[in-house]
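The values are calculated or read from the model by the stated rules, or taken from the named source; none is laboratory data. Since the structure is predicted, the reported quantities are computational estimates derived from the model, not experimental observations. So basically every Cβ, Gly included, is an ideal-geometry build from the backbone, and we count neighbours across all protein chains shown. Areas reflect the complete protein model, heavy atoms only, side chains present, ligands, DNA and RNA absent. Shrake-Rupley method; radii C 1.70, N 1.55, O 1.52, S 1.80 Å.
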Amino acid sequence: MHQPRRRDRRLARRAPSEPAQREAFRLTAGADVVLVGYFSAKQKDFEALMASAATELAAHGARVVVQIVQRRGVSDGGVQKMGLPYSSRTLLSYGKVREVAQACDQVKADAVIFVATLTERQQRTLTNMFGRPAVSLADILSAD
């Protein structure tokens, strides 16, 4: 004889019927932030994009204390993977995540701002890993 079907396990896997609303992060004036950029090797103007992002944050009252860049396709991975994130959970490689976390702890940053857009899962995972809010620049600019 076979065992009866277990339906209670499937209920836990279902998505909530109502989509969760992402709480907007408010950047306070004078906040120390770490700015993180993720760029493929094809983007040659990444330094200008980082400078532009730092200027935007300064206009919103934040102080960029550290800038960290992750380049994809420079050392390994090949041309086919240049546009893809290193990790779907964190966007960055795990070594770079550790580097960002150490920088945040050293300068006692209030938040980590990513130039690239983060998914809700990435935002939640990185916030837990860093111990401080991790948000994308687009979220901050759209909150105002």
- Message: Looking at region 120-144, I want the residues that are farther than 17 Å from residue 32 by Cα and assigned to a helix (DSSP H, G or I) and have a partner that is open to solvent by less than 30 Å² (accessible area, probe 1.4 Å) and among the β-branched types (Val, Ile, Thr) with Cβ atoms under 8 Å, at least 6 apart or on another chain. Which pairs are those?
- Response: 122/90; 123/135; 125/90; 126/90; 126/97; 126/112; 129/90; 129/97
- Query: Looking only at region 96-119, which residues are open to solvent by 80 Å² or more (accessible area, probe 1.4 Å), in a helix (DSSP H, G or I) and touching a strand residue (DSSP E or B) at 6+ places or on another chain (Cβ under 9 Å)?
  - Reply: 99, 106
- Which listed residue, of 76, 45, is at pLDDT 90 or above, over 27 Å from residue 30 (Cβ atoms) and surrounded by fewer than 17 Cβ atoms within 10 Å (Cβ to Cβ): 45
